[in-house]
Amino acid sequence: MRILLSNKFYYRRGGDCIYTLELERLLRQHGHDVAVFAMQHPDNIPTPWQAYFPSEANFRIGPKMVEAMSRPLGTREVKERFDRLIRDFSPDVVHLGNIHSQLSPILAETAHDKGIRVVWTLHDYKLLCPRYDCMRPNGEVCEACFSNQQAAMAAQVKAPDPGPCLKYHCLKDSLVASLIGWAEMKKWNRDRLTRITDMWICPSSFMLQKMQQGGFPIEKLTHLCNFIDVSKCLMEDYAQREDYYCYVGRLSHEKGVHTLIDAAARLPYRLIIIGDGPLKGQLQKQIQQLQCHDRIQLAGKMDWPQIKQYVGHARMLVIPSEWYENNPLTVLEAQCLGTPVLGARIGGIPELIHPITGSPASSQADGDLFSPKDIDELAQKIETLWCHPFDYSQIAGRSQQQFCAETYYTNLMKLYSRS
């Protein structure tokens, strides 16, 4: 089978990029011909397909900003280069990932109009929310652009307009950016996207539920949990744990790291925070003000071998997110390393965790849940998990079987071949 994968970035930038790169590797291992389409970027991994990539969309103030601002609506350059790749490669399937803003759904429309099957893995809520994450600039969860879609359809009245993003300046807290997001959602509306897409892959049941809530047809939605390369999680002794716990991820408001630091400051245990992001300086000040720098360490960004060593020997991983996480790879990786996960009860996180029940001998337990932003409950759950007798080897074995690439491949082939 000839498969064309597309994601706007082609380097290990975030979960969507890692997914695309791992999927490319998996498909090639099974003998498929695979082409890739992304935008040009200095950090891209070299590939023979880069000659087809459109120029980098630069949204920073400068001579190229005006051109970049038209990208979300679909530009001639992107369409022509993608059309040329389709003509030269002749794919059986076009599998899209994170393509909004820098590439746009014009890829789906171009492939569909040529009679090519279009499969689309959803990594965020962009089809429902102009700013991707169902949050307002003040950090509150918001569903204003899609929450009443089903009711409106049933009543045969005009569905709610994504205008709330203009009211609240949802994109970058800017009216101009929000206007672009509003125009993008108006052009690539639900009906148009439904016509040009054969199947959306929702990595979490929560994502599928929200897509259905937004009026997307259930027959074009399927739930398929993400996968990882479990071989990178193999360890000699999963039971060997040290006296610290971890956070791994972006240092940004929606990730809830500030809440985690507030909770950790009350406890005597060592916390290692791995990652980088716009809140780094603010979090450093928070640690200083709480006078807990002896227990909380901002370790910075790390590559996988370092992350494996830290997470693989931690008592637990904490995911304190305050937004609708979809299917975070960080949770899958930690569990495949045998590390219990304490996650916020939000988005798709609860689907991945078997919480501690009343019995300490529960063989399925691999973590616990807490209410987002609840510092008291988070601190209490950290203490509980710190002392809980987890079977780390069993967590690793069960997770590696559940999230392995071969299981994912088998299910994906059914979607590619579905008529």
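Structure notes:
- Boolean, S399 is touching a residue at least 60 places away in the same chain (Cβ under 8 Å), farther than 24 Å from A264 by Cβ and surrounded by 23 or more Cβ atoms within 10 Å (Cβ to Cβ): yes
- Filtering region 18-40 to residues that are crowded, with 18+ Cβ neighbours inside 10 Å and farther than 20 Å from W304 by Cβ leaves L27, V34, A35, V36, F37, A38, M39.
- Matching residues, region 103-131, being in contact with a His (Cβ under 8 Å, 6 or more places away or on another chain) and either farther than 22 Å from I3 by Cβ or not hydroxyl-bearing (S, T, Y) (or both): V118, V119, W120, K126
- Verdict on I296 being buried (at least 20 other Cβ atoms within 10 Å of the Cβ), over 18 Å from E322 (Cα atoms) and at pLDDT 95 or above: yes
- The residue that is surrounded by the most Cβ atoms within 10 Å (Cβ to Cβ), among those in region 94-120 that are in contact with a helix residue (DSSP H, G or I) (Cβ under 7 Å, 6 or more places away or on another chain) and at positive phi, is S104.
- Lone qualifier among G74, G15 - being buried (at least 17 other Cβ atoms within 10 Å of the Cβ) and at positive phi: G74
- So A51, is it more than 25 Å from R190 (Cβ to Cβ) and among the small types (G, A, S): yes
- Put simply, of A108, A51, A35, A57 the only residue that is assigned by TED's automatic domain parsing to the domain that holds Y409 and at pLDDT below 95 is A57.
- Scanning region 281-308 for residues that are touching a strand residue (DSSP E or B) at 6+ places or on another chain (Cβ under 9 Å) and more than 23 Å from A379 (Cβ to Cβ) yields G300, K301, M302, Q306, I307.
- Per the conditions (1) surrounded by 16 or more Cβ atoms within 10 Å (Cβ to Cβ); (2) within 30 Å of Y409 (Cα to Cα), the sole criterion not satisfied by S231 is (1).
- Identity of the residue in region 264-293, more than 18 Å from H253 (Cα to Cα) and basic (K, R), that ends up surrounded by the fewest Cβ atoms within 10 Å (Cβ to Cβ): R266
- So K255, is it crowded, with 17+ Cβ neighbours inside 10 Å, modelled with pLDDT of 95 or more, of a type in the set (D, E, K, R) and out of contact with any helix residue (DSSP H, G or I) (no Cβ under 6 Å at 6 or more places or on another chain): yes
The values are calculated or read from the model by the stated rules, or taken from the named source; none is laboratory data. In this text the structure is predicted, and so the values were computed from the model without any measurement. Using ideal geometry, Cβ is built from the backbone for each residue, glycine included, and neighbour counts are taken over all protein chains shown.
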